[in-house]
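The values are calculated or read from the model by the stated rules, or taken from the named source; none is laboratory data. Being a predicted model, the structure only gives us computed values, none of them experimental. FYI the Cβ positions are ideal-geometry reconstructions off the backbone, even for glycines, and counts take in every protein chain you see.
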């Protein structure tokens, strides 16, 4: 079985000492898609619990 989780990300940054648009605080939006494959865990009726996928993804970031 395959499970797919998508996380929407919004983040902002700026480049100090850079001349141009990037010197100003600006934001981006991204999507992180995580695909997990394995057997169904009968305790949660999922391949891997969604909250655990999110927790693991944020630990990597």
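Observations, loosely collected:
- Inter-residue pairs, beta-carbon under 8 Å, first free of Cβ contacts under 8 Å to residues at least 24 places away in the same chain and in region 35-61, second assigned to a loop (DSSP other than H, G, I, E, B), 6+ apart: 41/47; 41/48; 41/49
- Among the residues of region 33-47, those identified as surrounded by 13 or more Cβ atoms within 10 Å (Cβ to Cβ) and either modelled with pLDDT under 80 or in a strand (DSSP E or B) (or both) are 34, 36, 46.
- Residue in region 14-25 that is surrounded by 11 or more Cβ atoms within 10 Å (Cβ to Cβ), outside any loop (DSSP other than H, G, I, E, B) and at pLDDT 85 or above present: yes
- Residue match in region 48-61 (condition: in a loop (DSSP other than H, G, I, E, B) and either at positive phi or at pLDDT 85 or above (or both)): no
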